[in-house]
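These notes concern the structure reproduced below.
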Amino acid sequence: MDLVATILVDGLIYAGWLFIVSVGLTLVFGVLNILNIAHGSLYAIGAYASASLVGAYFAAGGDAFPYGSYIAMILAAVLVAVVLGPLLERGLLRYFYGRDEVLNVLVTYAVFLILEDVMKLIWGVNPYFVYEPYTLLGTVEMGSLFYVGYDFAVIAAAIIVGLAVWLTLNRTQTGKVVLAVIHDAEISQTMGVNVKRIYLGAFMAGAFLAALGGALTAPMISVTPGLGVNVVIVAFAVVIIGGLGSVPGAAIGALMVGISRAASVHLLPEAELFIIYFVMAIVLVFRPEGLFAKTQARKI
Amino acid sequence: MMTRKTRIAGALSALALTAGLVTPAAAQDDTFKIGVITFLSGQAAESFGVPAWNGGKLLVDMLNEGGKLPAPYDTMGFGGMKIEVVVVDEAGGATKQVQEFRNLVQREEVDAVVGYVSSGDCLAIPPVADELKAFTILYDCGTPRVFEDNSFEYVFRTAAHATMDNVSLARYLKSRDFDVPSFAGLNQDYAWGQDSWADFKGAMSQLYPDAEEKTALFPKFGAGQYGTEISALLREKPALVHSSNWGGDLQGFLIQATARGLHKRSQLVLAAGDHVIPQLGNKMPDGIFLGARGVNGLAANARGGELKELTDTMWTAYEAEFDTFPVQAPFRMWQAIFGLKTAVEKAMADNGGTKPTDEQLAAAMKGLAWDAPSGRIEMALAGGHQAIQPNAIGTTKWNTETGKMELVDVEYYNARCVNPPEGMKSADWLAQGFPGAQCD
């Protein structure tokens, strides 16, 4: 297989996964104006929940219809969003709306640390495995290389997620209300918008997307403590490149990171880590707000 | 002003305090207190820390009961003293561990410290141990730098350093006439992965001077996703792929690599891969060349010989207690505790049977040799402070009848065949073509 094509395919697979994780982060920032470090924990909890539910599915005789495990994975993400979304947003974050962004970063970092220990209390330190969904879709031969069909399913999932988020925001009444809240929450409230409900819904959607990223990753890894740390760092790089709060920005950021990382692994493996942050730095030099964020007037 | 009542209360408190102080002091001569430090949380807990602590706890209980193990370990405790253990979590980084070490020595007043999986901790603790004159055993970490760059009076490492693992892999390839026109590597991007790759390359350059070195990949620790790296390895088609990955990183790599058929295109060789077998089961493919950082785990179980009774006793007890077989980490903990028992009893024989001081323990440990389930351990390097031990490499094979993974075609290597001689740094030993190696 041609090197350029290999880089593109590898980059797309990585970008697809990265986009699912990053779009939730950027959505929460866009609506709530909170940089949610605990997004990494929600990703990890999604992975654990997915491993547990898929494991339970097969233990309950799921071998008869193994494709049902994919539904179990999505249910796991829904479960995380429904349980933790309201708990975190209504129980904690709402008290910090309008406060300094740095304070919000510290609060969500504290949540991240707490959730890391909660995961150990619930799932222990031993790894969880659910390989079955990873190999169910077989392999795809591309030139001299074999890819796992599941990787392409993740790309498809990323496209579906991206379209769903974009269409919801831009083509539905609810989406227009959310955009109004993003634009100005105070004026939206005076116009009769239930801002609290929008905040809660946006946070739950963000939590669902983080957990979905973890749930989709669970079959290809061993789910162990500390899973969310690396993910949230790369996701931050993606949303900073694309512009905080921008859904198309998250897509472009994920593609830039995915493809540049793939190129580096194939051509200059020593620079694999460097290249992600180099791309981010270059973007910020020319577009300090990120590629798609709107320039805002600075308060003096 | 003190009333009569408060004076009496004060006197009673002082008495109680004195009694309290005297009682443990009297008890201390009957007990030997060990501070054990290993990962109980974090990424190294599941692979190394928890199995090591499980194994250590099991052995201490067996020793305290007495008569549970074959001679010379059939006597109770350490020289008749009951063993008491304080366990500390190694998670948190070197700065925290230095503080924990001081607590163990100065507040808990342990008689010996046995600990450290992380090479970073193993480099940070020895200067403090010497400063406090506290007898310390490093039981697990792999970096050769601990004693190759420094010397310490009170610090000993009872496991061989990591050079042995990669030299053994290269020797295994050679002894099986494996054709290696080219090789590549995928190792974690920190000291362990970088050093392992350097050692493997060094050994290969001596045993396979014509082999072409292809890509060397260093994904970051905890990366999880290896799709791009696997594509790079599939494209380059090296004859073999070396990895010293461990824990979740190794499991993730194997799941993704085998799904894409990397193991069919290139021979996978894993420097320390045995510990993922219980988790992966038959998802670990057949035909992988694999080491366990010593004659540990399945390689020890398959060995037989003079140490069979000792190995079988520990193996059976571990399986019964924890419902899984012991991998490399408990073996390293066992060799540390057996070494400590041997040193304590030697020191007691020399000092008339009293509990040894740190100085007496250090003198007894220097150059000591003892048997463990992993083989004969000899404190042969770094002036008697660094152990060498035999090693083994085998090939994975799933036994469909028993439903268990086995190691077949196991080759055992003499400690002096795969470890550098006294006074020579590992890198120099590799660069000079293993001078002094005794392989027959």
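Here, each number is a calculation from the coordinates, and none is a lab measurement. All values derive from a computational prediction rather than experimental measurement. Positions of Cβ are backbone-derived with ideal geometry, glycine not excepted, and every protein chain shown enters the neighbour counts.
List every residue whose amide H lies under 5 Å from the amide H of B:Glu212, counting only residues 5 or more places away in sequence or on a different chain, with H placed 1.01 Å from N in the peptide plane.
B:Ser182, B:Phe183
Please list, ordered by chain and number, the residues whose modelled amide H lies under 5 Å from the amide H of B:Asp111; skip anything fewer than 5 residues away on the same chain.
B:Lys33, B:Ile34, B:Gly35
Given springs between every Cα pair under 10 Å in a Gaussian network model of chain A, which of A:Gly124, A:Gly40, A:Gly228 has the largest fluctuation?
Highest fluctuation among the options: A:Gly124.
Compute the orientation-averaged projected area for the stretch A:124-240 from the convex hull of its Cα atoms and round it to one decimal in nm². Spell out each step's value before the answer.
Details: hull surface 41.9 nm².
Average projection, Cα convex hull of the stretch A:124-240: 10.5 nm².
Enter the per residue convex hull volume of the stretch A:123-170, computed from alpha-carbon coordinates, in Å³ rounded to the nearest integer.
128
For the stretch A:201-300, place one equal point scatterer on every Cα, skip the solvent, and apply the Debye formula. What is log10 of I(q)/I(0) at q = 0.12, 0.20, 0.22 Å⁻¹?
-0.48, -1.12, -1.22
Can you give the FRET efficiency for A:Ala110 and A:Ala281, using 1/(1 + (r/R0)^6), R0 = 25 Å, r = Cβ-Cβ distance, to the nearest 0.05? Present the calculation step by step, with values, prior to reporting the outcome.
On the way: r = 29 Å, r/R0 = 1.15.
Given R0 = 25 Å and the Cβ-Cβ separation, E is 0.30.
What's the FRET efficiency of B:Val86 with A:Ile159 using the Cβ-Cβ distance as r and R₀ = 51 Å, to the nearest 0.05?
Efficiency at R0 = 51 Å is approximately 0.40.
Kindly give Rg over Rh for the stretch B:92-178, based on alpha-carbon atoms, with the Kirkwood expression for the hydrodynamic radius.
Here Rg/Rh amounts to 1.12.
If you put +1 on each Lys and Arg Cβ and -1 on each Asp and Glu Cβ, how big is the dipole of the stretch A:3-286 around its Cα centre, in Debye rounded to 20?
Around 720 debye, computed over the stretch A:3-286.
How many nm is it between the label spots at B:Glu65 and B:Gln438, if each spot is 7 Å from the Cα in line with the beta carbon?
3.8
Based on the Kirkwood radius over alpha-carbon pairs, what value in µm²/s does the Stokes-Einstein equation return for the translational diffusion coefficient of the protein assembly as shown at 4 °C and 1.567 mPa s? Write down the numbers at each step before the final one.
Details: Rh = 28.0 Å.
In µm²/s, the coefficient rounds to 46.
Taking chain A as a Gaussian network, where each spring joins two C-alpha atoms under 10 Å apart, which residue of A:Ala185, A:Ala251, A:Ala164 fluctuates the most?
A:Ala164
Considering only DSSP states other than H, G, I, E and B, which trypsin sites (Lys or Arg not before Pro) in the stretch A:222-300 qualify as loop sites with at most 13 other Cβ atoms within 10 Å?
Answer in residue order: A:Lys294, A:Arg298, A:Lys299.
Treating the angle as unsigned and between 0 and 90°, give the value, to the nearest 10°, between the Cα long axis of helix B:227-236 and the longest Cα principal axis of chain B.
On a 0 to 90 degree scale, this one is about 40.
Scale the Cα Rg of the stretch B:270-328 by the rule-of-thumb value 2.2 N^0.38 Å and send over the ratio, two decimals. Walk me through the intermediate numbers first.
On the way: Rg = 11.8 Å, N = 59, 2.2 N^0.38 = 10.4 Å.
In units of the globular-protein estimate, the stretch B:270-328 measures up at 1.14.
Please average, across the residues of A:268-279, the number of beta carbons from any other chain that are within 10 Å of each residue's own beta carbon, and give a whole number.
Working: counts 0, 10, 4, 0, 8, 5, 0, 0, 0, 0, 0, 0.
Across the residues of A:268-279, the mean count of other-chain Cβ atoms within 10 Å is 2.
Which whole-Hz couplings ³J(HN,Hα) result when phi for each residue of the stretch B:139-153 is put into the Karplus expression 6.51 cos²θ - 1.76 cosθ + 1.60, θ = phi - 60°, listed in order with x for Gly and Pro?
9, 9, 4, x, 4, x, 5, 3, 10, 7, 9, 8, 9, 9, 8
Taking θ as phi - 60°, what are the ³J(HN,Hα) couplings along the stretch A:82-96 by the Karplus curve (6.51, -1.76, 1.60), each to the nearest whole Hz, with x for Gly and Pro?
The phi angles translate into 5, 7, 7, x, x, 4, 7, 6, 6, x, 9, 4, 4, 6, 10 Hz.
In terms of modelled amide H atoms, which long-range or inter-chain residues lie less than 5 Å from the amide H of B:Ala292?
Placed amide hydrogens put B:Ala392 under 5 Å from B:Ala292.
Evaluate the distance, in nm, between pseudo-label points positioned 7 Å from the Cα of B:Ser175 and of A:Val140 along their respective Cα→Cβ axes.
It is 4.5 nm.
Just name one of B:Pro238, B:Ala320, B:Phe331: the one whose Cα is farthest towards the positive end of the charge dipole of the stretch B:212-352 (beta-carbon charges, Lys/Arg +1, Asp/Glu -1).
Value: B:Pro238.
Near B:Lys96, which lysines are there with a Cα under 28 Å away, not counting those fewer than 8 places off in the same chain?
Cross-link targets: A:Lys120, B:Lys33, B:Lys57, B:Lys133, B:Lys220.
With θ set to phi - 60°, apply the Karplus curve 6.51 cos²θ - 1.76 cosθ + 1.60 along the stretch B:32-44 and write out the HN-Hα couplings as whole Hz, x wherever there is a Gly or Pro.
Once rounded to whole Hz, the list reads 10, 9, 10, x, 9, 10, 7, 6, 9, 9, x, 5, 8.
If you take each beta carbon of peptide A:259-265 and count the beta carbons of other chains within 10 angstrom, what is the mean?
Average neighbour count from other chains, rounded to a whole number: 3.
How far is helix B:119-132 tilted off the main Cα axis of chain B, in degrees rounded to 10, range 0 to 90?
Helix B:119-132 and the main axis of chain B meet at about 30 degrees.
Work out how far the C-alpha atoms of chain B reach from end to end along every principal axis, then list the three figures in whole Å, largest first.
Result, largest extent first: 90, 46, 45 Å.
Any lysines with Cα under 16 Å of the B:Lys397 Cα? List them, leaving off those in the same chain fewer than 8 positions away.
In chain and number order, the partners are B:Lys264, B:Lys283.
Along the Cα→Cβ direction, 7 angstrom out, place labels at B:Asn351 and A:Leu3. What is the inter-label distance in nm?
6.6
Computed over the Cα atoms, what is the radius of gyration of the stretch A:3-286 divided by 2.2 N^0.38 Å, N being its residue count? Present the calculation step by step, with values, prior to reporting the outcome.
On the way: Rg = 18.9 Å, N = 284, 2.2 N^0.38 = 18.8 Å.
Working it through for the stretch A:3-286, the quotient is 1.00.
What is the average number of partner chain Cβ atoms found within 10 Å of a Cβ in A:4-15?
Working: counts 0, 0, 5, 3, 0, 3, 6, 2, 0, 4, 3, 0.
For peptide A:4-15, the averaged partner shielding equals 2.
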